[in-house]
Every structure is written in structure tokens, then in C-alpha cells.
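Here's the structure we're looking at; comments come further down.
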Amino acid sequence: LAILDRMPQEVASRTSILGLHANVAAYGDEEWLDATIGRIMHNDELLARLLRRKLPVVHYRRPTATYLGWLDFRDLGLGLDPTERILADARVALNSGPMFGDAGRGHARINFACSPSVLEEAVERLAAAFA
């Protein structure tokens, strides 16, 4: 529980009791944490590779410390918020880039902390709709 003492105060007031216990369990188990970080790093590499091969017109900005990547759809001409078209045409739900500010226009955010098969399916759908 010492790890919780080092966390910001809002953790105690804004985190659900289940989330609190999940974090204690996760960060207290170094083997699990190392394996999870390894899977996330693998998925980051997988996403970059899939996009280069299947949809090179979409530019991927690889994150430095998270499992959320930025996809630049501007070269496809999908407008300021490409997520609506992507959901309608490819049936892939991404986070709207513009909701993160003006720099997000034409971009979408993807969560790649999922199984590799889900990531592969998402890129396949994007490629089928927009390649």
C-alpha cells in the first residue's frame, strides 16, 4: 500500500473502490506489470507495421508513454473529425481528435491496449474502407 501513499490525493477521491484495488494488485505484481507493458509495446509495433503495409496514407504518431496512438487521416480528406466517417464506413470506433484541441483536427486516437486480433481487425476494416 506504500505505492498509494505516493500517488496524488485525487486518487483517493476520484477513483472507484474497484479501480483502487485493481491498481494496487496490478502495480504490486511486477511480473504481471512487465508482461502487460511487453504486450502493449508489441501492439504498438504491430499497429505501426500494419498501417505501413495496409494503409500507408494514414500517418501513425507512436506514443512515448501510453497505449494511445494518434492517427493522422488528413491525407484521406475525411474532414476535421474523421471518426464519424470511420465509424460509418469501417465500423471502427476511435476517439475524436478535435476533442483534444485544434491540433487534433483530421486525427483520431486509437487505444491499442487490446488483443492483437482486435487491432488487426480494426486495421483490416480501415484498409478495406479507405485504401
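For the chain, the per residue solvent-accessible surface stands at 65 Å², with DNA, RNA and ligands left out and a 1.4 Å probe. Largest first, the residues R53, R109, R6 sort by 1.4 Å accessible area into R6, R53, R109. Carbon and sulfur: what percent of the chain's accessible surface (1.4 Å probe)? Whole-percent figure for carbon plus sulfur exposure: 53.
The Cα-based radius of gyration and maximum Cα-Cα distance (Dmax) for the chain are 17.3, 50 Å. Shown in residue order for the range 69-85 are the 3J(HN,Hα) couplings computed by the Karplus curve 6.51 cos²θ - 1.76 cosθ + 1.60 at θ = phi - 60°: x, 9, 10, 9, 9, 4, 5, 8, x, 8, x, 5, 10, x, 5, 5, 5 Hz (x for Gly and Pro). Taking L18, L71, L80 as the candidate residues, the one with maximal mean-square fluctuation in a Gaussian network model of the chain, Cα springs under 10 Å, is L18. Binning the alpha carbon pair distances of the range 52-101 at 10 angstrom intervals from zero yields the distribution 23, 58, 19, 0, expressed in whole percent.
The values are calculated or read from the model by the stated rules, or taken from the named source; none is laboratory data. Since the model is a prediction, treat every value here as computed from it, not as a measurement. The protein model used for the area step is the full one, side chains on, heavy atoms only, and it has no ligands, DNA or RNA in it. Shrake-Rupley method; radii C 1.70, N 1.55, O 1.52, S 1.80 Å.
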